[in-house]
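Asks: The structure's right below; bear with me while I get my questions together.
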Amino acid sequence: MAGSGGTKAVIAALLANMTIALFKFIAYILTGSSSMLAEGIHSVADSGNQVLLLVGGKKSQRRASPQHPFGYGRERYIYSFLVAIVLFSVGGLFALYEAYEKFQHPHPIEGFWWWVPLAVLIGAIIAESFSIRTAIIETNKVRGERGWVEFIRTAKSPELPVILLEDFGALLGLVFALCGVSLTLMTGDSIWDAAGTGMIGLLLIMIAVVLGLETKSLLLGESASREDVRKIEEALTASAGTQIIHIKTLHLGPDELLVAAKISVNRSAAGEDIAAEIDAAERRIRDAVPIARVIYLEPDIRSASTAAEA
């Protein structure tokens, strides 16, 4: 799917969210806290999202067919986009609706079970901390020198950025819920519980918008990273006399790259020599950038008109 690192982070988040969701709903049933209900729905939405990522990873492994000759690598982008929709609608909008209802019909957290939300939230923060720790460890293996924001914006594999943002949102949402529940218990005013619920809703919507924008860019088709483009150009020009007229790259999926280039050849070169040079250039490109699996090289004579196309 996303490599063992991405899969490990997704599974860790899924197990954490399923367990946490159960305890949050128990706390809501016992106390009626809207923050606990919003957080429970949040965890259910996150669990569904992790299932979507796993399904997308599985479907992307299908072999190319006559109808889809470039394969199904973009399935991972599609399912990641669905994650953003689920997070926005199920998580964010529901939390805002619940906050509105609590503002309209306030009721304090009462009864013997008043301590349950606090225990559940503290336990959930600990569990989510382990989940995001796994995501950070796996991300550090692949992000190189990139900062966190740059990694999320430039990553071609969507799973790790999605899990990072989800886990960050889950931790921050738990803090909002803990503050809302604690202030409600201390003051007896449920307005704080409703405010915590509203903050959770706004947070989820903001994360969903970021995920949607980033995944939309991947769905539209992004070029190779600057580093990979540089390696491809060096591989093409490694042979004496070969020059690049123009080059285009496109990610067919996170782990599959299409390379199309027009290269100049000697006017007097024989067809057999041109074919041999193209074959050698393709081998050099694949050695330099292993994910460059679909390569089209067009030989041409460099002139003023072809140079203008670059």
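Quick note: the coordinates plus some simple rules give every number you see, no bench work behind them. All values reported here derive from a predicted model rather than from experimental measurement. For neighbour counting, all protein chains shown are included, and Cβ atoms are generated from backbone atoms with ideal geometry for every residue, glycine included.
Asks: Just to be sure I understand: of the beta bridges DSSP finds with both ends in the chain, what percent are antiparallel, rounded to 5?
Replies: Working: 9 of 17 bridges.
About 55 percent, rounded to the nearest 5.
Asks: A further question follows. In nm, what is the difference between 0.36 nm times the number of residues separating LYS59 and GLU222 and their Cα-Cα distance? Could you put the intermediate results ahead of the total?
Replies: Numbers: separation 163, 0.36 × 163 = 58.68 nm, distance 2.05 nm.
Net length gain for the segment: 56.6 nm.
Asks: Now for a separate question. Please give the per residue volume of the convex hull enclosing the alpha carbon atoms of the chain, rounded to a whole number of Å³.
Replies: On the way: hull volume 44.0 nm³, N = 310.
For the chain, the hull spanned by Cα atoms encloses 142 Å³ per residue.
Asks: Which order results if TRP148, TRP192 are arranged by neighbouring Cβ count within 10 Å, fewest first? Don't jump to the answer; show the numbers that get you there.
Replies: Values: TRP148 13, TRP192 21.
Taking fewest neighbouring Cβ atoms as first place, the list is TRP148, TRP192.
Asks: Span-like helices, the chain: DSSP H, alpha-carbon axial extent 24 Å or more, mean Kyte-Doolittle 1.0 or greater, which ones? Mind dumping the intermediate values first?
Replies: Values: long enough: 3-31 (42 Å, 1.34); 34-59 (37 Å, 0.31); 116-140 (36 Å, 1.32); 159-187 (41 Å, 1.70); 191-220 (43 Å, 1.68); 271-288 (26 Å, -0.69).
Counting only whole DSSP H runs, the qualifying helices are 3-31, 116-140, 159-187, 191-220.
Asks: Ok, one more. Evaluate the Kirkwood expression for the hydrodynamic radius of segment 1-142, namely the inverse of the mean inverse distance over all pairs of different C-alpha atoms, and round to one decimal in Å. Walk me through the intermediate numbers first.
Replies: Working: mean 1/r = 0.0593 Å⁻¹.
Every distinct Cα pair counted, the radius reaches 16.9 Å.
Asks: Provide the FRET efficiency to the nearest 0.05 for the GLU150-PHE103 pair, computing r from the beta carbons and using R0 = 25 Å.
Replies: Details: r = 39 Å, r/R0 = 1.56.
With a Förster radius of 25 Å, E is 0.05.
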